[in-house]
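Below is one structure, written out as structure tokens; comments come after it.
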Amino acid sequence: MRRWQVLAGVGMVWLAATAAAQAPYVAIEQRVDPQALAEVGLTPAQLQTLNRLLREADARAPAAPVAAAVPVPAGTPTPAPMFPGLDDGPINARVTGQVDGWAPGTVFTLDNGQQWQVLKGEMKLKASRANPEIVVVPGIAGRWFLQVDENLPKARVFRIR
């Protein structure tokens, strides 16, 4: 049984060598652990024959095809992302006006013109903040979260403008 495992290993090494770019042939003795090779029990003549057969097979094997980049015509629509929202980056902006907390329904107007409405989450700030810097962070499946401070909970929001 062990002999077949070693021979299978030798075969896999051979397959890997043929799948790789056509590098010069490397003898079995240099590819396989000497102890594993000794367990197979090949005579020097058998080893030489095996190396010759593998070298000839390498020479006959066609070079692995290299895939060329296919140019994309202008105007071709880009495919939808696998997980909507995760491909978008965070939005850094300032809220226009005072922020003393939020609850579902609260609308935040940002200095970049966007408006975000709170869907989930409720928070009352200890101190009101004037025009605070915020980050709107994308989540999975198109969800967005508004973060006023990294130490505070985020509000789940959706964009209304």
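The values are calculated or read from the model by the stated rules, or taken from the named source; none is laboratory data. Bear in mind the structure is a predicted one, so any value in this text is a computation, not a measurement. In this analysis, Cβ positions are derived from the backbone assuming ideal geometry, glycine residues included, and neighbour counts consider all displayed protein chains.
Values computed for the structure shown
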| quantity | calculated |
| --- | --- |
| Single residue of the range 34-59 satisfying the filter (without any contact (Cβ under 8 Å) to a residue 24 or more places away in the chain and not in a helix (DSSP H, G or I)) that is farthest from the chain's Cα centre (by Cα) | 43 |
| Residue match in the range 83-94 (condition: of a type in the set (Lys, Arg), at negative phi and modelled with pLDDT of 85 or more) | yes |
